[in-house]
Amino acid sequence: GRLYTAEAHAPHRVDPEIACHYLERAASAGHVQAMSLLAKLHLDGTTLKPDRERARRLVAMAADAGDAIALFHRAVMREHGDGLSRDLDGALADFEVAARGGNVEAMLALAHHAAFGIAGRPVDAVSAARWSERAAHRGSTAAKEMLARFHETGFGVAVDARKAVELFSAAAAAGDPAGHVGLARLTVRAWPGSPDRAAIAQQLAPVLDGSQTAARDEALALLARLDCCERLRAAPELTRMLDIAEGREAAPVTIVV
C-alpha cells in the first residue's frame, strides 16, 4: 500500500486506488501504521473519495495506539476543532508525544506555539529554540530557517551570526526563499559602510522571481529600506524636521521604518 503512495522515496507508480485497497486490508487486520497512512490520504484528499469521518476514526485508533503521525494529525484536529472538539491543551499534549516519538511536524508545531504564545499562552523562547533545533537536526528546512532567525536575533539562544549564516544557507540550498532573504538581511547588517543595493538585489533575485508571496514581500521591504537609506544619504537635509513641509491631511503616506 505504501509503495503505491507518494510516501515511497523511490521512482514508482503512484495509484491512490490500489494504495487504499491494500492499506484498507492492512488496517482491518489491525496494522497501526496502515491506519495512520490511510487517514493521511483521506485528510490530504489523495483518495478518489476522501472521507474525513473515516479519517477521524482512523486517526483516533492509530493515535490511541501511539502512532506519532496519527498523534500529530489528531493534535491539528484538536487545535482547530476540525472533526473533534477544540481542545488546545489536548492538542499540545498530542504534539508533545508525537514530537518525542520523532515526528518533525509536531516539533515544528511546538516551536511555533512556544515562539508566538498562541491562545494567550506565554512565549517560551528557550522551548521554541529547543524544538526548532531538534527538527533542524532531523533535516527540516523550515526548522533550519526558524532556528537561523533565532540565532540572528538571540531569541532563546545566543546571537551567533556564523550559525545563522550556516542555517540560512542550508535552507536556501534546499529551495526555501526565506533562506535567501535571511542571508541578504545578514549581509546588510555586516556590510561596512553603505550596503550595495545592486549586490543585495542580485542576492534576492531567486526570491523576487519566485512565487512565494511572503518571502517576496520581505525581500521588497528590505530593498525599500535600502532605497530609503540611500535617499537620506543623498539628501541629508531631509533628516532635519524643520525642513519637512506639511502636506494635505488626507494624503496617502507610506512610512518605511
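The values are calculated or read from the model by the stated rules, or taken from the named source; none is laboratory data. Remember, predicted model here, so these are calculated numbers, not experimental data. Every residue, glycine as well, gets a Cβ built from its backbone with ideal geometry; the counts of neighbours run over all protein chains shown. Heavy atoms of the whole protein, side chains included, go into the accessibility calculation; ligands, DNA and RNA do not. Shrake-Rupley method; radii C 1.70, N 1.55, O 1.52, S 1.80 Å.
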Next on the checklist: Restricting to the stretch 26-71, name every residue that is of a type outside the set (A, V, I, L, M, F, W, C), on the phi < 0 side of the Ramachandran plot and in contact (Cβ under 8 Å) with a residue 24 or more places away in the chain.
Outcome noted: Gln33, Ser36, Lys40, Thr46, Thr47, Arg52, Glu53, Arg56, Asp67
Next on the checklist: I'd like the residue in the stretch 188-209 that is at pLDDT 90 or above and in a loop (DSSP other than H, G, I, E, B) and, out of all such residues, is most open to solvent (accessible area, probe 1.4 Å).
Outcome noted: Asp209
Checklist outcome for this item: Residue hits (the stretch 178-187; open to solvent by less than 30 Å² (accessible area, probe 1.4 Å) and under 9 Å from Val207 (Cα atoms)) are Ala178, Val181
Checklist outcome for this item: Note on Gly175: of the conditions (1) on the phi > 0 side of the Ramachandran plot; (2) not in a loop (DSSP other than H, G, I, E, B), unmet is (2)
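Conditions tested, residue by residue: (1) under 18 Å from the mean Cα position of the chain (by Cα); (2) more than 26 Å from Ala98 (Cβ to Cβ); (3) touching a residue at least 24 places away in the same chain (Cβ under 8 Å).
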residue	(1), (2), (3)
Arg130	yes, no, yes
Leu167	yes, no, yes
Ala190	no, yes, yes
Gly193	no, yes, no
Item to check | Top-ranked residue of the stretch 218-241 - restricted to ones that are open to solvent by less than 60 Å² (accessible area, probe 1.4 Å) and over 20 Å from Pro206 (Cα atoms), ranked as modelled with the highest pLDDT | outcome: Cys228
Checklist outcome for this item: Selection from the stretch 7-43 of residues at pLDDT below 90 and out of contact with any helix residue (DSSP H, G or I) (no Cβ under 9 Å at 6 or more places or on another chain) yields His9, Pro11
Item to check | Of residues in the stretch 148-172 being in contact with a helix residue (DSSP H, G or I) (Cβ under 8 Å, 6 or more places away or on another chain) and in a loop (DSSP other than H, G, I, E, B), the one nearest to Ala215 (Cα to Cα) | outcome: Phe155
Checklist outcome for this item: Looking across the stretch 134-147 at residues that are assigned to a loop (DSSP other than H, G, I, E, B) and open to solvent by 40 Å² or more (accessible area, probe 1.4 Å), the single one that is farthest from Ala173 (Cα to Cα) is Arg138
Checklist outcome for this item: Flagged in the stretch 195-216 as of a type in the set (D, E, K, R) and more than 13 Å from Gly182 (Cα to Cα), in numbering order, are Asp196, Arg197, Asp209
Checklist entry - How about the stretch 119-133: which of its residues are within 12 Å of Phe155 (Cα to Cα) and assigned to a helix (DSSP H, G or I)? => result Ala125, Val126, Ser127, Ala128, Ala129, Arg130, Ser132
Checklist entry - Has the stretch 143-150 got at least one residue that is at positive phi, out of contact with any Gly (no Cβ under 6 Å at 6 or more places or on another chain) and free of Cβ contacts under 8 Å to residues at least 40 places away in the same chain? => result no
